[in-house]
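Asker: Here's a structure for you.
Each value in this text was obtained by applying a stated rule to the coordinates, not by laboratory testing. Values in this document were obtained by computation on a predicted structure and should not be read as measured data. So basically every Cβ, Gly included, is an ideal-geometry build from the backbone, and we count neighbours across all protein chains shown.
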Amino acid sequence: MRHLRSNIPLLLLLAALACRSGEKKAEETPAPAADPKTAPRPTALSTRGEVLNRVRIIVGEEPITEMDIQQMKKNLLRMGRPIRNLDEDAINELIRRAIVENEARAESIIISEARIETEVNRARDNSGIRDEARFKAMVEQDSGMPYSLWVDGLKYDLIKQQLIQIKISVPQPSPEELKRYYAQNAGRAGMEVRYREIVLQPQNGTLEEEARISQLARQIAERSRGSVQAFGELARTTPDNVSPAKIYGGQLDYASLSEVAASDRITAGVLSNLGVGQVSAPYRDTRGRYVLLMLEDRRPVAFDKIEDRIRQRMFFEKAEQAFEDWVVKQRKETAITRLD
């Protein structure tokens, strides 16, 4: 008995340790995952921030919150898109983007900040605007959205381009499709012109020489008005004519107005306002020379000159449609749970 009594404190200590060990194991055992179908719907919490940020929709593994929806509604209004139902349009756009982001993760597509910066710099270089503040202002004016939203859209487009390359097969347009597209859109392809020119270059910068050349230009305009033959003869025989086409009576082959503008935007502007058979009034081009023009013909840009552009355009349109079809298919196959 004495021996038993002496061991009672030790027995009590061991029992207490065993109880604590059992409690610890119970605390560390994770609770079974709740079934989303039977789990209680989330309830609004006390603070306004928590209420606004509650999860409304789950697309695959991507949650869409109330704040996401409110922000997208603002974005859609800024973009000026046609709105049917603002709430549903915002939700549909977020679901679409979630599907794209889920697929991008699955394909390990990562658009780095450096890549986005490269694309922004390329866009700025193409615009001809070097000043960053002016470029941002131009983007906001042209796109109708804040600059930060434009950059977000640029990132989305880069992801979309990679998904098209990886996931979607886009057929090249056939020669028949190219010609049909040209026939249907010839009026939008731009115009090309055939014209004659006389270019008079003052030999020095004196006022007397400027007056002489200006007077000569006016005389040529009066003598050639309304006659292709007369204009061509004057182009060949006028000593002060420095046009490279002088030996051809000043005639230049068909060129699109955009091509003319790349060489001299003032000349392109004059040609765009001339009627066939008309002679322009003398004007100074971007190099300060006195120029007269006679427009001989105007027509849509020839198919062979823009065939590559049409092919690129049609491929882009086919890729866009193929991507839209792919998104619709992915939406049908993706688990989308609304928690409203």
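Asker: Quote the Stokes-Einstein diffusion coefficient, in whole µm² s⁻¹, for segment 256-312, based on the Kirkwood radius over alpha carbon pairs, a temperature of 4 °C and a viscosity of 1.567 mPa s.
Answerer: 102 µm²/s
Asker: Label segment 107-167 by shape, choosing from rounded, prolate and oblate, from the square roots a ≥ b ≥ c of the eigenvalues of the Cα gyration tensor; if a/c is under 1.5 it is rounded, and otherwise prolate applies when a/b is larger than b/c, oblate when it is not.
Answerer: prolate
Asker: Moving on. Assuming a ≥ b ≥ c are the square roots of the Cα gyration tensor eigenvalues, decide whether segment 48-105 counts as rounded (a/c under 1.5), prolate (otherwise, with a/b larger than b/c) or oblate.
Answerer: Note, shape of segment 48-105 comes out oblate.
Asker: Turning to a different aspect of this structure: How far, in nm, would the chain grow between Asp253 and Arg54 when pulled straight, counting 0.36 nm per residue and subtracting the alpha carbon separation?
Answerer: Length gained, Asp253 through Arg54: 65.0 nm.
Asker: Next question, about the same structure. Return the distance in nm (one decimal) between the two label points of a simple spin-label model at Glu208 and Glu176, each offset 7 Å from Cα along Cα→Cβ.
Answerer: 7.3 nm
Asker: Of Lys155/Lys318; Lys136/Lys305; Lys155/Lys332; Lys305/Lys329; Lys74/Lys329; Lys155/Lys179, which pairs sit farther than 31 Å apart, going by alpha carbon to alpha carbon?
Answerer: Lys136/Lys305; Lys305/Lys329; Lys155/Lys179
Asker: Stretched out fully, how many nm does the piece from Ala186 to Leu274 gain, at 0.36 nm a residue minus the Cα gap?
Answerer: Contour length minus the Cα-Cα distance gives 29.6 nm.
Asker: Give me the distance in nm between label points sitting 7 Å out from Cα along the Cα-to-Cβ direction at Gln215 and Glu333, one decimal.
Answerer: About 8.2 nm separates the two model spin labels.
Asker: Please list 3J(HN,Hα) in residue order for segment 121-133, calculated via the Karplus relation 6.51 cos²θ - 1.76 cosθ + 1.60 where θ = phi - 60°; whole Hz, with x for glycine and proline.
Answerer: 4, 5, 4, 5, 5, 5, 6, x, 9, 8, 5, 5, 5
Asker: Please list, or write none, the aspartates and glutamates whose alpha carbon is within less than 17 Å of the alpha carbon of Lys167, excluding same-chain residues fewer than 8 places away.
Answerer: Straight-distance partners of Lys167: Glu101, Glu103, Glu107, Asp157, Glu317, Glu320, Glu324, Asp325, Glu333.
Asker: Shifting gears a bit: At what distance in angstrom do the alpha carbon centres of segment 212-252 and segment 291-316 lie from each other?
Answerer: About 27 Å separates the Cα centre of segment 212-252 from the one of segment 291-316.
Asker: While we're here: How compact is segment 232-326 by the rule of thumb for globular proteins, expressed as Cα Rg over 2.2 N^0.38 Å?
Answerer: Compactness ratio reported: 1.51.
Asker: Rounded, prolate or oblate, given the Cα gyration tensor of segment 128-249, with a/c below 1.5 counting as rounded?
Answerer: oblate
Asker: Quick check: residue separation of Glu140 and Asn102 times 0.36 nm, minus the Cα distance between them. What number comes out in nm?
Answerer: Computed gain between Glu140 and Asn102 is 10.8 nm.
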